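Beneath this line is the structure, given in structure tokens, with notes to follow.
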């Protein structure tokens with residue numbers, strides 16, 4: 001279960017506002033140990049779901065004693081590997097409308113055992129969003145680790161046979 005995720009954004013207040021709209025949350029400034037212009041999106045659900053939106057270029061490094069945020073370098077690429085599959089109250093149509101309004105790549109994807117909507121925040125960082133009608137497929141698959149392991153083994157066998 002993911003309780004919180006950190007994202008970076010070139011326009012943190014705007015991205016926080018848009019994500020809050022999608023997940024049904026509210027935006028507040030992050031605590032003072034975060035870089036300036038960082039925001040939290042509080043969902044207020046039973047899982048304590050939280051999004052942290054940090055300024056673009058922020059790095060989390062293993063400083064002395066605990067992790068620390070650094071914003072002294074620009075990354076080499078605008079893309080990041082981190083992403084999350086997140087259940088949201090917004091419908092597919094709402095997410096697609098918001099993506100179109102923001103000019104963010106937003107597209108429906110069928111991953112086989114589950115569906116999602118890729119929402120590319122600022123067209124560089126992906127969130128896999130699951131409206132209510134898509135969540136059951138994901139839960140039905142990933143709550144059965146044996147089925148996941150078998151499916152991946154079959155994919156690996158097929159790749160080896162090529």
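The values are calculated or read from the model by the stated rules, or taken from the named source; none is laboratory data. Not measured: the values here are computed from a predicted model. All Cβ positions, glycine included, derive from the backbone under ideal geometry; neighbour counts span all protein chains shown.
List of remarks:
- All conditions but one from (1) surrounded by 13 or more Cβ atoms within 10 Å (Cβ to Cβ); (2) touching a residue at least 60 places away in the same chain (Cβ under 8 Å) apply to residue 144; the one that does not is (2).
- Subset of the range 140-162 (residues that are farther than 22 Å from residue 116 by Cβ and in a helix (DSSP H, G or I)): 146, 153, 156, 157, 158, 159, 160, 161
- Among the numbered conditions (1) within 25 Å of residue 54 (Cα to Cα); (2) out of contact with any helix residue (DSSP H, G or I) (no Cβ under 9 Å at 6 or more places or on another chain); (3) touching a residue at least 40 places away in the same chain (Cβ under 8 Å), the only one that residue 132 does not meet is (1).
- Residue check for residue 128: under 25 Å from residue 47 (Cα atoms) and either modelled with pLDDT of 85 or more or assigned to a helix (DSSP H, G or I) (or both): yes
- Residue match in the range 148-157 (condition: over 30 Å from residue 55 (Cβ atoms), surrounded by 11 or more Cβ atoms within 10 Å (Cβ to Cβ) and within 18 Å of the chain's Cα centre (by Cα)): no
- For the range 21-37, the tally of residues that are within 14 Å of residue 4 (Cβ to Cβ) and within 16 Å of the chain's Cα centre (by Cα) stands at 2.
- The residue of the range 1-22 that is modelled with the highest pLDDT, among those that are under 23 Å from residue 135 (Cα atoms) and surrounded by fewer than 20 Cβ atoms within 10 Å (Cβ to Cβ), is 21.
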